[in-house]
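The values are calculated or read from the model by the stated rules, or taken from the named source; none is laboratory data. What you see is a predicted model; the values in this text were computed from it and never measured. Backbone-built Cβ (ideal geometry, glycine too); neighbour counts: all protein chains shown. Surface areas here come from the heavy atoms of the whole protein model, side chains and all, with no ligands, DNA or RNA. Shrake-Rupley method; radii C 1.70, N 1.55, O 1.52, S 1.80 Å.
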Amino acid sequence: MKIILLGPPGAGKGTQCKRISERYGAAHLSSGDILRAERKAGTQLGKEAQRYMDSGALVPDQLIIDMMIGAIKKCPKGYLLDGFPRTVVQGEALDKALAAAGEKIDAILNLQIDDSVIIARMSGRRSCSKCGAVYHVSNQPPKVAGICDSDGEMLSQRPDDKPEVVENRLKTYHAQTAAVVGYYQKVGRKVIDIDADKSVDAVSKAIFVKLDALK
Ligand code: AP5
C-alpha cells in the first residue's frame with residue numbers, strides 16, 4: 001500500500017500513520033522525523049535543515065526530494081508519506097520518480113482541521129527523542145506524566161512547537177503546502193478529505209473505512 005497523508009502541522013498525520021502502519025504493514029516515512037534524525041546525527045543535511053526547521057520555514061525542495069525519493073526506494077512493498085510532498089515542486093518530482101519506477105500512489109488522504117485546534121494540539125505535544133512516540137499532555141497522555149510508555153525515556157517538547165514558530169509553520173502551510181491538494185486535483189487524482197477534528201480513534205476509523213475499500 002502506497003499512501004500520501006496531507007494536512008497542516010499538528011493535524012495528526014504522525015499519530016495516524018503509526019496506526020495505519022500497524023494495521024496495513026506499510027513503512028511510515030515522515031520527512032520531519034527523517035530530518036530530526038539527520039540533525040541528531042549531525043549530518044550535513046541535518047545542519048543545513050536546522051535553521052529552516054527552527055524558524056518554521058520549509059527546507060529547500062531539492063534537499064527534501066533527494067532525501068525522500070531515496071527513502072521511498074528502500075520500501076518497495078509500501079509506504080505512508082507523512083509531510084511529503086509539501087510543495088507543488090515536490091509533488092511533481094514525486095510523480096516523475098513514481099512514473100520512472102512504474103509505480104503509483106493508492107490513495108491521497110487530506111486531514112482537515114481548523115488552525116485554532118492545531119495551536120492547542122501543538123502546545124500540548126510531547127515526544128520521546130529515543131523512539132519517536134508522540135503524546136499529548138491531555139488528549140493522549142503517557143501512563144506516567146513526562147515519561148515514555150515504551151522505553152521510560154523523558155518526554156520533551158519539540159523546539160518548533162513554541163507558539164511563535166507554530167504561527168510561522170501555519171503561515172507556511174497556507175502559503176505553500178495547501179496548494180498540493182489543488183495540484184493533485186488538477187492532475188486528476190482523487191483526494192480523500194478526512195475530518196481530523198475528532199478523537200484519535202474516530203479519525204483512525206474514518207481512515208480505515210476508506211483504506212479497506214481500496215482492497
Ligand atoms: P514535520 O515534523 O513534518 O511537522 P508537521 O507537518 O508540521 O507535522 P507535525 O509533526 O507537527 O504534526 P502531525 O500532523 O504529524 O501531528 P501529530 O500526529 O504529531 O516537519 C517539521 C519541519 O521539518 C517543517 O516545519 C519543515 O521545516 C521541515 N520539513 C518537513 N518536511 C518537509 C518537506 N516536505 N519540505 C520542506 N520542509 C520540510 O499530532 C500533534 C499533537 O496532537 C500530538 O500531541 C498528538 O498526540 C495530538 N493529536 C493527534 N491527533 C489528535 C486527535 N485526533 N485529537 C486530539 N489530539 C490529537
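Okay, here's what the table says:
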read-out: Interchain or long-range residues, amide H under 5 Å from ASP193's placed H; value: ASN110
read-out: Accessible area (Å², per residue) of the chain, counting only protein heavy atoms and a probe of 1.4 Å; value: 52 Å²
read-out: Per-peptide average of other Cβ atoms within 10 Å, ordering 9-20, 154-165, 60-71, 85-96 highest first; value: 9-20, 85-96, 60-71, 154-165
read-out: Antiparallel DSSP beta bridges within region 21-153, percent to nearest 5; value: 50 percent
read-out: Efficiency of FRET between ILE105 and MET154 - r from beta-carbon atoms, R0 30 angstrom, step 0.05; value: 0.20
read-out: Test item: Cα-centred dipole of the chain, Lys/Arg +1 and Asp/Glu -1 on Cβ, debye; value: 420 debye
read-out: Rg to Rh, two decimals, where the chain supplies the alpha carbon set and Rh follows Kirkwood; value: 0.93
read-out: Rounded percent of accessible protein surface that carbon and sulfur make up, region 113-215, 1.4 Å probe; value: 54 percent
read-out: Farthest toward positive dipole pole in region 57-215 [+1 Lys/Arg, -1 Asp/Glu at C-beta], among CYS75, ILE108, GLN157; value: CYS75
read-out: CYS75 versus SER129: modelled label distance in nm, points set 7 Å from Cα along the beta carbon direction; value: 2.5 nm
